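The values are calculated or read from the model by the stated rules, or taken from the named source; none is laboratory data. Being a predicted model, the structure only gives us computed values, none of them experimental. We place every Cβ from the backbone using ideal geometry, glycine too, and count neighbours over all the protein chains shown. Protein only, heavy atoms only, side chains kept; ligands, DNA and RNA dropped before computing areas. Shrake-Rupley method; radii C 1.70, N 1.55, O 1.52, S 1.80 Å.
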Amino acid sequence: MACYPQAMPAAAPIPANPPLSKAFACAANVVAAVIGGRNLDRELVSVPQALRPAVQDLAYGALRQYGRGDALLAPLLAKPLAELTIRSLLLTSVYRLEARPDDAHTTVDQAVSAAALMANGRFKSLVNAVLRNFQRQYATLVDTALMHNSARWQHPQWWIEKVQLAYPQQWRDILTAGNGRPPMTLRLNRRRIDNANIYIERLVQHGIGARALDDSAILLDKPVPVVQLPGFATGEVSVQDWGAQRAAGLLDAQPCMRVLDACAAPGGKTAHILELADVDLTALDADAKRLQRVAENLGRLGLTAKLSAADCMAIATWWDKRPFDRILADVPCSASGVVRRHPDAKWLRRRSDVANFARTQSYILDALWQLLAPGGKMLYCTCSVFEEENRQQIQAFVSRHADARRLPTRNQQTELQLIPSAEHDGFYYTLIEKNA
């Protein structure tokens, strides 16, 4: 694997209609909102459907390589550009110039047209000049930009340092993976299909290339809309990262057990647990709107659970005093292991946020431990690669609870740390048993 990408992966094709200039203008507004502290996915929801594929490609691309784009632009501006939407237009333009060098003329032309639609057209000449100079000085600009770690690795410096310290042999691979496009993996509903090869044959008949990762996980050669997946609407298959699919198996819920999914939304792990065993499952989430997604996922799959919009730490508001045999603690975290799916996270997070997440995680663990039956098991899970949220968190928990015992998850190891790869995202798992 190369130490760092010279440019981002090829951009997705831009639809002929509507014009690229409108996509540029809309994407610039989205990126500006994210830089200002807003959530990328929430901003994209308001984008008109006709523009969304193009805007999503431009916004995701610009944010994945934000550190690089910012460093490439700096020498071309006499002073920092106060107009955030125009700066964001330049970032999206630089992304597309690198990703689609064969279409550079169109990129510059349409970016300038977009500038004419923004800020009363006051920056049209500036955008034209900056992008023309970018093309002329490209080689020198790249050499200069790559002298800065945040440009070379396209992550904030504090993030780079954390990963280097925790993974001295793998840090380059982790950062590089975080800048790429995520894989699309399917999970077979084993209640309806028990042979991955049979489903792969159906995919091939629909012109979709894929390969099996295990008995239930299928990796697509390239992402496709879910409406193109045979059997998706009828609950035969779901979209779920292979790393996330490990949770249900590790939890090892058996028929008739009482199971708690404490932070359930959007419901992929909830559904997987129910697909594997007939259990009495309670699914919580503090966000009622996100809990609705759990209900929708279960409905499509023909599964049922007790859903409650509640804070898992506010035990008195929802718990019936009956202990659980299994608890899945898929806790809120920095999402550092899935950053290629959420590129805004790299630039919205601060070093102090990791400590704040770790503090919340410890509160959740202590609260949930009270609900676990003697001899029961709790699976702790994050989509993080930061040790404060993973190994260090669990070491501190076990030291606080004398009745806690860590169990092997794989190869007699008491934890499973997955780092992002071409096949899965980054996840951490550890299984804890309460002494009887």
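State whether the residues of segment 326-333 include one that is of a type outside the set (S, T, N, Q) and over 30 Å from Asp173 (Cβ atoms).
yes
For the subset of segment 371-422 comprising residues that are of a type in the set (Gly, Ala, Ser) and under 19 Å from the mean Cα position of the chain (by Cα), which member is nearest to Val339 (Cα to Cα)?
Here the residue is Ser384.
Answer with yes or no whether Arg42 is modelled with pLDDT under 95 and under 30 Å from Val163 (Cβ atoms).
yes
If we keep just the residues of segment 81-96 that are in contact with a helix residue (DSSP H, G or I) (Cβ under 8 Å, 6 or more places away or on another chain) and open to solvent by 10 Å² or more (accessible area, probe 1.4 Å), which is nearest to Ala23 (Cα to Cα)?
Taking the candidates together, the pick is Thr85.
Identify, please: which residue in segment 401-436 is in a loop (DSSP other than H, G, I, E, B) and free of Cβ contacts under 8 Å to residues at least 60 places away in the same chain and is, among those, farthest from Leu219 (Cα to Cα)?
Looking at the filtered set, the residue picked out is Ala402.
Looking at segment 365-400, which of its residues are in contact with an Asp or Glu (Cβ under 8 Å, 6 or more places away or on another chain) and assigned to a loop (DSSP other than H, G, I, E, B)?
Matches in segment 365-400: Cys383, Asn390.
Search segment 302-326 for residues being of a type in the set (Gly, Ala, Ser) and assigned to a loop (DSSP other than H, G, I, E, B), and hand back the single one that is nearest to Ala367 (Cα to Cα).
Here the residue is Ala314.
Report, ordered by the first and then the second residue, all pairs with beta carbons closer than 6 Å, sequence separation of six or more or different chains, a first member in segment 235-253 that is closer than 17 Å to Arg326 by Cα, and a second member that is in a helix (DSSP H, G or I).
Ala247/Lys269; Ala248/His272; Ala248/Ile273; Ala248/Leu276; Ala253/Ile273
Filter segment 234-268 for residues that are of a type in the set (S, T, N, Q), open to solvent by less than 40 Å² (accessible area, probe 1.4 Å) and assigned to a loop (DSSP other than H, G, I, E, B) and give the result.
Gln240, Gln245
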